[in-house]
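Enquirer: Dumping the structure here so I can ask a few things about it.
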Amino acid sequence: MGVDTILTDGIVPAQLRQRPEALLQVDQLSIDIATRDANVRLVDNVSFGIGRGERVALVGESGSGKSVTAQALMRLNSRVKLSGRVQFDGKDLLSLSNSQMAAMRGQRMGMVFQDPMSSLDPLMTIGDQVAETLRIRGVSKREARQRALDVLDELKVERAAERLDSFPHEFSGGMRQRVVLAMALVGEPDLLIADEPTTALDVRVQERVLDLLDEISRRRSLAVLLITHDLGIVAGFADRVMVMYSGRIVEENEATLLFAEPQHPYTRGLLEAVPRADITVDRLRSIAGAPPAPGARPSGCTFHPRCDHAMAMCSSVEPGETITPLGARVRCHLYGAG
Amino acid sequence: MLQIDHISKSFPAGRGRRTMVLDDIVLNVDEGQSVGLVGESGSGKSTIIRCALGLTRPDSGRVSYSGIDVQRSSRFDTLRFRRDVQLVFQDPYASLNPRMTVEELVGEGLLVHKLETTAAGRRARVVEMLAMVGLGEEALARYPRSFSGGQRQRIAIARAVVIRPKLLICDEPVSALDVSVQAQVINLLQDMQKQLSLGILFVAHDLAVVRHLCTTVAVLERGRIVEHGTREQVFDTPQHAYTRALLKAVPIPDPVVGRARRAERQAAP
């Protein structure tokens, strides 16, 4: 039986799918942190790629390692030890000098965080903050200001010209998040890493910010790595989704397929555990227990103590990666090739 | 049971002006009923809770519990009110005293309200309660710090429910929890409500959670209740433009729905 006979209409087999040219390639990235007593592995052997202009979501719960991974790609956390390889447009990021990396950050890769207020300097005008990365690169004051204005316009900040001289406290939460986005986008990066960019916002503002991000990513063919715990916003935004659990990527697939045909028991459990505003159900399925702390990971498959399908081998053997006929890259013994 | 009767509240906004925070709020919770109050940040959700508990005095209107005004109750009625009405807060890391063991935390209400006068009797009730929320006897001597967020929220619920209140006011009780743990706590609240025929006033910004848990829903927009009806009315045939806008903006974990909605928004002027 060939792969094509298993697949339903309209689904292209994984190996035939057109993937955009890789922009970021992460190979076997592990992240360790030394605590007083021990060395704790926060992220364990994570591999993935992001193509030019592609929107990829990294979904996980607290402690899964998603934010640490994002920071590692930008080399923002100097307290952790990174191993493996991170290639960005052919350059090995982990072997760049600090100043080379700093240049990458402003020009090629941008990042936004959850809380806009902590990313903004309360004593500096919006215009100066957005223009700052350009000024560091030696762009003239006048041109930097103009480009800051352009990017604020692109993000549909009303009366942007007048507001260049305002301070962060004069802006609402949604507007601040646009300013933070402007700071990340003014250098025209190829990749934007957005770590829970809308978590602190009300739903209508969240929708607006995601729409803007969607628009800009298409217009500029900007690749976006969206890091979030919210499967709802992922569904409307991402082309491809990676699910992270306890420091490992347990499943990855095209967004449509991941939501329609989740393979890993954790992904399935998560999708069933989320209440929906558009349908009424009697009872939510819940996943027993709680995610483990990074220092206290179970052996074998780290999800096995919470898994309904756990078999004897799950507690001792760490599952390798398998590609299912639906193109899911999954780490689970249910799909084990042996 | 709980009657919020035309309350309004404003706060001084400087230079002699006042900001209207609540405008003519009417909301009732009957025995065994689960009422959801949905609103964005700044809509007045917390002020309603404060008024309902008698912590903030409304400018006009009144809040009564079983017919007795919460602002003007006698000492006896106040004590009864404090036993009948319990609270579950958003942040289980801040709402449990870190220096108290689980046994002390959950047993405190029994002691204060003199429901169990012996230590052995209290322990038995605490153990029984912990079992109801899915925690074992080994939890008794432990402190909150050794529990995860979801477990702490269970402890908070056990602490609230152990004295058999009639009304549970929940202020965003699952919004600080992980997705996989949220469902456990939602299910627990649902079970408690059914088993003990608890009235629940569930205050949240998350429409999906409210739809799941509440049979009556009120939508709050900047201090006014703009829509109030059964779950089906509010979610399936919303009348007010604000409710419709909120519902349209709630992310749905289905890429087909998400993309269709975005296309619709982009087509609109």
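Enquirer: Which of (1) within 13 Å of another protein chain (Cβ to nearest Cβ); (2) acidic (Asp, Glu); (3) under 26 Å from the mean Cα position of the chain (by Cα) does A:Glu321 not meet, given it meets every other one?
Expert: That leaves (1) as the condition not met.
Enquirer: Can you tell me which residue in region B:251-261 is farthest from B:Arg50 (Cα to Cα), limited to those that are facing another protein chain (nearest Cβ under 9 Å) and of a type in the set (A, V, I, L, M, F, W, C)?
Expert: Ranking the qualifying residues of region B:251-261, first place goes to B:Val256.
Enquirer: Of the numbered conditions (1) assigned by TED's automatic domain parsing to the domain that holds A:Leu225; (2) surrounded by 15 or more Cβ atoms within 10 Å (Cβ to Cβ); (3) free of Cβ contacts under 8 Å to residues at least 12 places away in the same chain, A:Arg135 fails exactly one; give the number of that condition.
Expert: (1)
Enquirer: Has region B:137-155 got any residue that is without any contact (Cβ under 8 Å) to a residue 24 or more places away in the chain, away from chain A (no Cβ under 14 Å) and surrounded by fewer than 23 Cβ atoms within 10 Å (Cβ to Cβ)?
Expert: yes
Enquirer: Can you name the residue in region B:206-234 that is in a loop (DSSP other than H, G, I, E, B) and crowded, with 18+ Cβ neighbours inside 10 Å and is also modelled with the lowest pLDDT among such residues?
Expert: B:Asp206
Enquirer: Write out, first by first residue and then by second, each pair whose Cβ atoms fall under 6 Å of each other, whose residues are 6+ apart or on separate chains, and whose first residue, in region A:220-246, is away from every other protein chain (no Cβ under 12 Å) while the second is among the polar types (S, T, N, Q) and outside any loop (DSSP other than H, G, I, E, B).
Expert: As it stands, the answer is A:Val224/A:Ser217, since those pairs meet every condition given.
Enquirer: Is it the case that region A:267-275 has a residue that's part of a loop (DSSP other than H, G, I, E, B), more than 25 Å from the chain's Cα centre (by Cα), within 12 Å of chain B (Cβ to nearest Cβ) and modelled with pLDDT under 95? Steps first, answer last, please.
Expert: From region A:267-275, those part of a loop (DSSP other than H, G, I, E, B) are A:274-275; that's our starting set.
With the extra rule that they be more than 25 Å from the chain's Cα centre (by Cα), the set shrinks to none.
No, there is no match, as no residue in region A:267-275 is part of a loop (DSSP other than H, G, I, E, B), more than 25 Å from the chain's Cα centre (by Cα), within 12 Å of chain B (Cβ to nearest Cβ) and modelled with pLDDT under 95.
Enquirer: Does at least one position in region B:28-40 carry a residue that is modelled with pLDDT under 90 and not in a strand (DSSP E or B)?
Expert: Looking through region B:28-40, none of the residues is modelled with pLDDT under 90 and not in a strand (DSSP E or B).
Enquirer: What are the residues in region A:287-301 that are within 13 Å of chain B (Cβ to nearest Cβ) and either touching a residue at least 40 places away in the same chain (Cβ under 8 Å) or more than 16 Å from A:Tyr245 (Cα to Cα) (or both), if any?
Expert: A:Pro291, A:Pro292, A:Ala293
Enquirer: Something else: Tell me which residues, restricted to region A:276-301, are assigned to a loop (DSSP other than H, G, I, E, B) and crowded, with 18+ Cβ neighbours inside 10 Å.
Expert: So in region A:276-301, the residues assigned to a loop (DSSP other than H, G, I, E, B) come out as A:276-293, A:297-301.
Result: A:Arg276, A:Ala277, A:Leu284, A:Ser286, A:Ile287, A:Ala290, A:Pro291, A:Pro292, A:Gly300, A:Cys301.
Enquirer: For residues that are over 21 Å from the mean Cα position of the chain (by Cα), among the polar types (S, T, N, Q) and farther than 30 Å from B:Phe147 by Cα, scanning just region B:62-104, find the one that is surrounded by the fewest Cβ atoms within 10 Å (Cβ to Cβ).
Expert: B:Ser74
Enquirer: Considering only region A:198-216, I want to know if a residue exists there that is more than 14 Å from chain B (Cβ to nearest Cβ), modelled with pLDDT of 90 or more and touching a Lys or Arg at 6+ places or on another chain (Cβ under 7 Å).
Expert: So far as region A:198-216 goes, no, none of its residues is more than 14 Å from chain B (Cβ to nearest Cβ), modelled with pLDDT of 90 or more and touching a Lys or Arg at 6+ places or on another chain (Cβ under 7 Å).
Enquirer: List the helices (runs of 4 or more DSSP H) inside region A:108-192, counting only whole elements, that have at least 1 residues being under 25 Å from the mean Cα position of the chain (by Cα).
Expert: So the answer is A:116-119, A:126-136, A:141-154, A:173-185.
Enquirer: Name the single residue, out of those in region B:235-250 being in contact with an Asp or Glu (Cβ under 6 Å, 6 or more places away or on another chain), more than 7 Å from chain A (Cβ to nearest Cβ) and in a helix (DSSP H, G or I), that is farthest from A:Ala235 (Cα to Cα).
Expert: Among residues in region B:235-250 that are in contact with an Asp or Glu (Cβ under 6 Å, 6 or more places away or on another chain), more than 7 Å from chain A (Cβ to nearest Cβ) and in a helix (DSSP H, G or I), the one farthest from A:Ala235 (Cα to Cα) is B:Tyr242.
Enquirer: Further, regarding this structure: For region B:191-228, how many residues meet the condition of being within 12 Å of chain A (Cβ to nearest Cβ) and of a type in the set (A, V, I, L, M)?
Expert: Summing the residues that are within 12 Å of chain A (Cβ to nearest Cβ) and of a type in the set (A, V, I, L, M) in region B:191-228 gives 7.
Enquirer: Continuing with this model, one more query. If we keep just the residues of region A:138-171 that are among the acidic types (Asp, Glu) and touching a residue at least 24 places away in the same chain (Cβ under 8 Å), which is farthest from A:Ile126 (Cα to Cα)?
Expert: Selected residue: A:Glu154.
The values are calculated or read from the model by the stated rules, or taken from the named source; none is laboratory data. Treat the numbers as computed from the prediction; the structure is a model and nothing was measured. Backbone-built Cβ (ideal geometry, glycine too); neighbour counts: all protein chains shown.
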